[in-house]
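Asker: Dropping a structure here in structure tokens format, bear with me for questions.
The values are calculated or read from the model by the stated rules, or taken from the named source; none is laboratory data. Source: prediction; values computed, not measured. Heads up, the Cβs are rebuilt from the backbone with ideal geometry, glycines too, and the neighbour counts pull from every protein chain shown.
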């Protein structure tokens, strides 16, 4: 993987001003972003404020030496993963071993050779870049495993897992886009996808931080509402229904509506039992003319 020096920030720590200036100039000439610190305390503050990608650290410094600074960095979860390259005039094997034992990734002996410093920095900067890419790939895989690619909503597996973590009562809103097949047949699947994305945007905005919405099936969505009773869930479903109806014509020649089923767990029903109740209520709304909100308890319906 290609390393872009301009994306790599290096902190040079040395109590000698000339050493900091020399190393900073060498690294800046290679395109790295470089900051300098003349003491361990100053370096620690800088790292806690904004993590560098790599540290070049002198050992022999007054008050707090490089060994102790490295220990403090490795003890702090926010800085423990910063690679530390020691630069020192100490040439005993014990000194080098100690540097590695406390968490250093490399050791360069002073007086140093410029080409050696640049080569070692390049190697460790490359490892940082690779690690960053792996973290991003892992995050992407997590998103893919828990998120619906089209709508950006969580998927059914993630929502089912979340339901298992809810303690106490919860409500579910299950809704299905009315006549979605007609939209696909008349306007094409790309328009159908556009409708699904719009549905997700509206639903996400209306529920806010109150719960979680998943794309449950093709044109079916499920909302999990922790600590909601049937009335609150019914009112929220009605608000979503209202926003759908208000959006008629917003996408051009076609409009969309949905049928909603609302059900609540009172502490004795399982997640899947509540889904079945919400599903029955939703299909009662379909049979009653569509574009309705139906509660599983009273089978109340509302039509706009």
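Asker: Please report, ordered by residue number, the strands (runs of 3 or more DSSP E) entirely within the stretch 48-114 with at least 1 residues that are surrounded by fewer than 18 Cβ atoms within 10 Å (Cβ to Cβ) and at pLDDT below 95.
Answerer: Strands (runs of 3 or more DSSP E) meeting the threshold: 106-109.
Asker: Could I ask something else about it? Could we say that residue 12 is assigned to a strand (DSSP E or B), in contact with a strand residue (DSSP E or B) (Cβ under 8 Å, 6 or more places away or on another chain) and free of Cβ contacts under 8 Å to residues at least 60 places away in the same chain here?
Answerer: For residue 12, the condition - assigned to a strand (DSSP E or B), in contact with a strand residue (DSSP E or B) (Cβ under 8 Å, 6 or more places away or on another chain) and free of Cβ contacts under 8 Å to residues at least 60 places away in the same chain - is met.
Asker: Which of (1) without any contact (Cβ under 8 Å) to a residue 40 or more places away in the chain; (2) within 20 Å of residue 15 (Cα to Cα) does residue 75 not meet, given it meets every other one?
Answerer: Among (1) without any contact (Cβ under 8 Å) to a residue 40 or more places away in the chain; (2) within 20 Å of residue 15 (Cα to Cα), residue 75 violates only (2).
Asker: Between residues in the stretch 16-43 that are over 17 Å from residue 66 (Cβ atoms) and outside the structural domain of residue 114 (by TED's automatic domain parsing) and residues that are modelled with pLDDT under 95 and buried (at least 16 other Cβ atoms within 10 Å of the Cβ), which pairs lie under 7 Å by C-beta distance while being six or more apart or on different chains?
Answerer: Pairs that qualify, where the first residue is over 17 Å from residue 66 (Cβ atoms) and outside the structural domain of residue 114 (by TED's automatic domain parsing) and the partner is modelled with pLDDT under 95 and buried (at least 16 other Cβ atoms within 10 Å of the Cβ): there are none.
Asker: Of the residues 128, 121, which is touching a helix residue (DSSP H, G or I) at 6+ places or on another chain (Cβ under 9 Å), under 30 Å from residue 26 (Cα atoms) and modelled with pLDDT of 90 or more?
Answerer: After ruling out the rest, the residue left standing is 121.
Asker: Checking the structure you have, find out if any residue of the stretch 258-265 is assigned to a helix (DSSP H, G or I), within 31 Å of the chain's Cα centre (by Cα) and modelled with pLDDT of 90 or more.
Answerer: Checking the stretch 258-265: not a single residue is assigned to a helix (DSSP H, G or I), within 31 Å of the chain's Cα centre (by Cα) and modelled with pLDDT of 90 or more.
Asker: Let me ask something additional. Is it true that some residue in the stretch 155-167 is in the same structural domain as residue 243 (by TED's automatic domain parsing), assigned to a loop (DSSP other than H, G, I, E, B) and within 29 Å of residue 273 (Cβ to Cβ)?
Answerer: Yes, the stretch 155-167 contains a residue that is in the same structural domain as residue 243 (by TED's automatic domain parsing), assigned to a loop (DSSP other than H, G, I, E, B) and within 29 Å of residue 273 (Cβ to Cβ).
Asker: Given the conditions (1) assigned by TED's automatic domain parsing to the domain that holds residue 296; (2) in contact (Cβ under 8 Å) with a residue 24 or more places away in the chain, report the number of the one that residue 114 does not fulfil.
Answerer: Just one mismatch for residue 114, condition (1).
Asker: All but one of (1) more than 16 Å from the chain's Cα centre (by Cα); (2) assigned to a helix (DSSP H, G or I); (3) under 30 Å from residue 199 (Cα atoms) hold for residue 143; state the number of the condition that does not hold.
Answerer: Status for residue 143: all satisfied but (1).
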